[in-house]
Amino acid sequence: MRLIKAIMMVLVIGIQPSVVNAQMNSVRFDQVTGSDGLSQSTISSILQDSRGYMWFGTRNGLNKFDGYVFTVYKTVPTDPMSLSDNWITAICEDTLSNLWVATINKGLNRFDRKTGVFTHFLADTSQPDHISHNSVNALYADQNGNIWVGTQNGLNKLTTKEVSGKTDFVIENITGLSDNWITVLFVEANGDVWAGTKKGLNLYSNGNVTHFRSDFNSPNRITSESITAIAQDHAGIIWVGTEDGGLNRIDRSQSPARISFYQHHEANPNSISDNAVASLCVDGKDQIWVGTNEGLNVLDAARQKFMVYKNMPTDPSSLSDNEVRSLFIDRSDILWIGTYGGGGINKLDLKRGKFKHFKHSPENPNSLGNNIVRSFCESKSGLIWIGTHDGLNKFDPLLGTFKSYRHTMSNPRSLSNDEVRSIAEDEKGILWIGTEGGGLNKYDPGNEGVFIHYKHNAANSQTISNNDISCITIGRFGNIWIGTFGGGLDQLTNENGVEKFVHYKNDPNDENSLSENRVSSLFMDSRNVLWVGTFGGGLNKLHLDDRGRTADHKFIRYQNDPQNPLSIGSDVIFSINEDKNGHIWIGTNAGLNKLVTNERGEDVFVRLQERDGLPDNYVYGIIPDEEGNLWLSTVQGLSRFSPAGEKGTFKNYDVKDGLQNNEFKFGSYHKGLSGTFYFGGTFGFNSFKPDEVKDNQHAPSLVFTAFKRYSRSDKLLLDTDHTTVDNKKEFVLPYNEDFSFEYAALDYTNSEKNNYSYFLQGFDKEWILAGSRRFVNYTNLDHGDYIFRVKGTNNDGVWNDEGVSVKITILPPFWKTWWFRILSVIALAAISVSLFRYRVRHIQMEKDRLEIEVAERTREILRQRDDLKNINYKLENTLQTLQATQTQLVHAEKMSALGQMVAGIAHEINNPLTFVDGNLYILEDHISRWDSIISDYEKIIETNDVQKIKSGMETIKKNHEYDFVKRDTLAIILSCKKGSQRIKVIVEELRKFSRVDASGMILYDVHEGIESTLAILRPHYEGRIEIVREFSTLPMVEALPGLLNQVFLSILTNATEAIREKGMIRIVTRKEDDDHIAIHFKDNGVGMSAAVVRSVFDPFFTTKDIGKGMGLGLSVSYGIVKKHNGDIEVESHEGKGSEFKIILPINHT
């Protein structure tokens, strides 16, 4: 009888009617693999601990995951407190938050997260308590703190006991099982233990063991004896997965237990996908999730059918691998799926049902025909008509079936073109379908497969104006408005059975015509106004009469004005809709716009863009909901906009929230008659009801994931704590260290959207909003006590306001510690007492000693007085000698410079003097000739013979070269005059240069001083060095002219010597400010090194050869400038020359 019931159950489950080729709502699996830090891709076990961390056992280590980063624990051969083996088989957490880790070959590990230490439990027969085998396959921690350990050689129960204040374990071996090779364990809340083995299922209850075998004669018959998985649903039903017998259901609410099973049947697509079950878990809706070797299954117990998810190579968001070895549902309703064949971890958000996703499936020819969805229309019958990039689709939401209609060359009544851009249904239930390139189609669903075409005919003005149809809307009275992309706006009318198209096009000469012929969107509002959006021409408004017609064809234009922020944001219009308050909203390529009327009755626009919270400025679709929100499709996801407030608020959704893709298509949005919203994009479409879209209410736990210490002086990283940071209550740092924290909110729905706020009590004035940033650095904090706090949100902004905190103590430097201060006070007191005692003791001794020494010291003082007189006399002599030596040195330096100057002056005077001297010899000869001429004249004149006098005078002139002597004598006199004048000028310049300053400071012409110095130095540079004067108009300054001329002489002499061959000296004068003048001497000589520049004003510093200078010239010059309350600077570079800058005050009062 039991066999017949079992067979009947199989038959009932196996022959359930099904809808063939129905497409289920697509779900998105997020993959976590080795590229994310996972140590190995075969996942044997999954656990979420009490803190919220996810743990994954692999064949190459234990992995802890915080949603962002993996921390991997592995065997370290040199560390006996590390993990015993890298091949992990099972994980559990006890009531004390210790983690227990089973391995394939090296026993059991207990991980103490406070210390980071692994304690090993091995099958060591030398120990009184030991596990029965080092190959541990299963673990379970019950509510009483017991650890159940399944090995290859029996079941062990570990219980704790206190021994001398320390925790120890007692290990008990459970006997009587059907087999010692334990494969899986499960403990019910009442303490009953289910143990799966290689040879049957066992129930251990109150010391008794009940066997469940595959024997047909067994009263507790199951489908297979090789048990792989056990789970319990909320009704107390036990679910058992087997290696080759499918899934078993054990209901112990009656006795004997009622057992049914689910197995794979090729003929039944609703049966379980494979009989090899590897893992089980139960979700909050009591759905049974089953991992098999052929995909992931979920059992809808009410309808007794399985939905199967498998890897699809063409779909990167499908299950990564079909061999599902482990399952776990975390506290935020995420299903974690561990795979075997290299697929790593998969995440499935069970909350994502709020957005249903439908897409094309290559394996199902009757699924959505193409993933690029361009348009929707829900018919009165409840069917959804969908325009795609590859034909028209009819979708039955109840059955989940799609049927495609495509253009067929051989069928003139097929769809005219497969690029379906728009669909509308008229009041008679007729579909009007706009295509790209194929014109307009009329389709009566009652006449299956027959499409009537309307195409442009250039020879007939009453045909449609263009074959590229972008949008269609139906007017109140059945008028069909068609937007074409290039032909303007058409109205299809039907009067007395005659159809004709009325055209509305742009006329450049008529400002009331349509603004642009590329129509991108149409909307008929509640006031019987037709809104026409164009691609580049802005928005148009057309008022219709009570019959839905227009008499004057006048359009009101709304176009973007870059100079007017109240104009519409862009002339490219993608979408138009009206909210329940009658406001018109427009989606453009520059954001969302709201049309409002201001207090002056003018139409103006309020603009909303990315900076206001939009995910992207391309707003492709707008649908208002019953709550007053707007749902917006963009190229970066979907957004729910709540208009309340000045700028409203945006709640943005992306592909990780279940969207088909982040990119939607413009015009691809629709609100169905049932209130369902449809948005299409590049990877299918989403459908949802707005009131069913709920935020994630799981407030995540907060953890510290890393603590780093840095040297305050050089900022080098000193230490990083990843292992125990989350279990510490306080960190103590020396005063010379800085620190940083990393933290995480452990909600894994969409970790990238988790946000954080932190506050360092004792330093920060208020909470710091960190956004999604998960770290913070603190530097140069004063010593003292601080508390660091962190709060966080989940992906939907739900805060955990309690957060997590840790105390930070920064120790003071030793000299600021209390003990140092106390010791200092004690030491000071002790020293004071000792000094006092020492002082008292020595006062008397000192008194006695002083009395003895007074007489001796008196005599000594008298003697020293005489010695001091002698020393004073010697010092005075030495001082006079030094002063004389200083004067001689300065004089020697001056004489050295003066020698060069005098040599130049001598040379300068010698040239005209030599010329005068040479001319005097010639002049002396000419005077002798004049004497001879005069003597000869006297002799001729004495004859008194006029004739002889005339002839004799000619002879005298000729004999004595009278004309030559006359000219040459005049020339010599003029030359001597010039020479004497030159000598006079030189003497005058020398007088100016060597002015006596005994009378103190006088008004001084700086330019005159420079010129007199240049005149003195002319022999040193003339013909070799160019002097460039850049003189500004300067006032007379109060100065000692002789001393300043000496400064100019020293600087210019050095400049001429620094120029080896030809060169240039530039002299620039200017007013530095109202009270000072500046003089620059710049040469292009050999220059000086940095070391020479630093010493150039030092006394006795020279770079000249011995005997050519004593190094006092610039030192004396420095002193002279300082004496004038001025300043002198030098800038020089080797090979580029030097520049001296002198700053002098104009007045000294």
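The values are calculated or read from the model by the stated rules, or taken from the named source; none is laboratory data. On a predicted model such as this, the values are computed, not experimentally measured, just so you know. Positions of Cβ are backbone-derived with ideal geometry, glycine not excepted, and every protein chain shown enters the neighbour counts.
What the table shows:
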{"read-out": "Matching option when the condition is assigned by TED's automatic domain parsing to the domain that holds ARG406, free of Cβ contacts under 8 Å to residues at least 40 places away in the same chain and in contact with a Ser or Thr (Cβ under 7 Å, 6 or more places away or on another chain), among GLY486, GLY438", "value": "GLY438"}
{"read-out": "Residues satisfying the stated conditions in the stretch 152-205, i.e. farther than 22 Å from ASP233 by Cα and of a type in the set (Phe, Trp, Tyr)", "value": "PHE169, TRP181"}
{"read-out": "Every pair of residues 6+ apart whose Cβ atoms lie under 6 Å, when the first sits in the stretch 612-627 and is of a type in the set (Asp, Glu) while the second is not in a loop (DSSP other than H, G, I, E, B)", "value": "ASP616/THR634; ASP625/PRO690"}
{"read-out": "Any hit, the stretch 790-805, residues being surrounded by 12 or more Cβ atoms within 10 Å (Cβ to Cβ), closer than 25 Å to LEU716 by Cβ and touching a strand residue (DSSP E or B) at 6+ places or on another chain (Cβ under 8 Å)", "value": "no"}
{"read-out": "Every residue from the stretch 665-675 that is part of a strand (DSSP E or B) and within 18 Å of PRO690 (Cα to Cα)", "value": "SER668, TYR669, HIS670, LYS671"}
{"read-out": "Matching option when the condition is modelled with pLDDT of 95 or more and over 29 Å from the mean Cα position of the chain (by Cα), among TYR756, TYR743, TYR735, TYR678", "value": "TYR678"}
{"read-out": "Entirely in the stretch 475-563, the strands (runs of 3 or more DSSP E) that have 2 or more residues that are closer than 23 Å to SER375 by Cβ", "value": "480-484, 489-495, 498-504, 519-524, 529-534, 539-543"}
{"read-out": "Qualifying residue in the stretch 534-553 (condition: polar (S, T, N, Q), under 28 Å from PHE679 (Cβ atoms) and assigned by TED's automatic domain parsing to the domain that holds THR435)", "value": "yes"}
{"read-out": "Set ARG374, ARG352: member being crowded, with 22+ Cβ neighbours inside 10 Å, of a type in the set (Lys, Arg) and out of contact with any Pro (no Cβ under 8 Å at 6 or more places or on another chain)", "value": "ARG374"}
{"read-out": "Members of the stretch 292-340 found to be in contact with a Lys or Arg (Cβ under 8 Å, 6 or more places away or on another chain), surrounded by 22 or more Cβ atoms within 10 Å (Cβ to Cβ) and of a type in the set (Phe, Trp, Tyr), listed by number", "value": "TRP336"}
{"read-out": "Residue count for the stretch 695-707, restricted to those that are out of contact with any Asp or Glu (no Cβ under 7 Å at 6 or more places or on another chain) and not aliphatic (A, V, I, L, M)", "value": "2"}
{"read-out": "Residues (touching an Asp or Glu at 6+ places or on another chain (Cβ under 8 Å) and hydrophobic (A, V, I, L, M, F, W, C)) located in the stretch 213-237", "value": "ILE227, ALA235, ILE237"}
{"read-out": "Number of the condition not met by LEU638 [criteria: (1) at positive phi; (2) in contact with a Phe, Trp or Tyr (Cβ under 7 Å, 6 or more places away or on another chain); (3) touching a residue at least 40 places away in the same chain (Cβ under 8 Å)]", "value": "(1)"}
{"read-out": "Close pairs from the stretch 410-431: first assigned by TED's automatic domain parsing to the domain that holds GLY449 and without any contact (Cβ under 8 Å) to a residue 40 or more places away in the chain, partner part of a loop (DSSP other than H, G, I, E, B) and hydrophobic (A, V, I, L, M, F, W, C), Cβ under 9 Å, at least 6 apart", "value": "ARG413/VAL450; SER414/VAL450"}
{"read-out": "Selected residue (criterion: farthest from TYR454 (Cα to Cα)) from residues of the stretch 400-418 that are buried (at least 21 other Cβ atoms within 10 Å of the Cβ) and under 48 Å from the mean Cα position of the chain (by Cα)", "value": "PHE402"}
{"read-out": "Tally of residues being within 18 Å of HIS211 (Cα to Cα) and more than 51 Å from the chain's Cα centre (by Cα) across the stretch 239-272", "value": "15"}
{"read-out": "Conditions (1) part of a strand (DSSP E or B); (2) out of contact with any Ser or Thr (no Cβ under 7 Å at 6 or more places or on another chain); number of the one not met by ASN662", "value": "(1)"}
{"read-out": "Hits in the stretch 441-457 (condition: touching a strand residue (DSSP E or B) at 6+ places or on another chain (Cβ under 9 Å), part of a loop (DSSP other than H, G, I, E, B) and either more than 22 Å from VAL502 (Cβ to Cβ) or touching a residue at least 40 places away in the same chain (Cβ under 8 Å) (or both))", "value": "ASP444, PRO445, GLY449, VAL450"}
{"read-out": "From the options VAL240, VAL163, VAL193, VAL184, residue that is out of contact with any helix residue (DSSP H, G or I) (no Cβ under 7 Å at 6 or more places or on another chain) and modelled with pLDDT under 95", "value": "VAL163"}
{"read-out": "Breaking point among (1) in contact with a Ser or Thr (Cβ under 9 Å, 6 or more places away or on another chain); (2) under 30 Å from HIS120 (Cβ atoms), for GLY207", "value": "(1)"}
{"read-out": "Residue list for the stretch 564-595, restricted to those being charged (D, E, K, R), without any contact (Cβ under 8 Å) to a residue 60 or more places away in the chain and part of a loop (DSSP other than H, G, I, E, B)", "value": "ASP571, LYS580"}
{"read-out": "Enumerated strands (runs of 3 or more DSSP E) restricted to the stretch 310-405, each holding at least 1 residues that are over 22 Å from ILE623 (Cβ atoms)", "value": "324-329, 334-339, 345-349, 391-396, 401-405"}
{"read-out": "Among residues of the stretch 701-715, those that are within 25 Å of the chain's Cα centre (by Cα) and within 22 Å of ARG773 (Cα to Cα), counted", "value": "10"}
{"read-out": "Hits in the stretch 265-291 (condition: of a type in the set (A, V, I, L, M, F, W, C) and surrounded by fewer than 16 Cβ atoms within 10 Å (Cβ to Cβ))", "value": "ALA267"}
{"read-out": "Enumeration of residues in the stretch 232-264 that are aliphatic (A, V, I, L, M) and surrounded by 21 or more Cβ atoms within 10 Å (Cβ to Cβ)", "value": "ILE238, VAL240, LEU247, ILE250, ILE259"}
{"read-out": "Tally of residues being more than 16 Å from ASN371 (Cβ to Cβ), in contact with a strand residue (DSSP E or B) (Cβ under 7 Å, 6 or more places away or on another chain) and of a type in the set (A, V, I, L, M, F, W, C) across the stretch 636-687", "value": "6"}
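Residues checked against (1) over 29 Å from ASN795 (Cα atoms); (2) in contact with a Leu (Cβ under 8 Å, 6 or more places away or on another chain); (3) at pLDDT below 85:
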| residue | (1), (2), (3) |
| --- | --- |
| GLY338 | no, yes, no |
| GLY343 | no, yes, no |
| LYS354 | no, no, yes |
| LEU368 | yes, no, no |
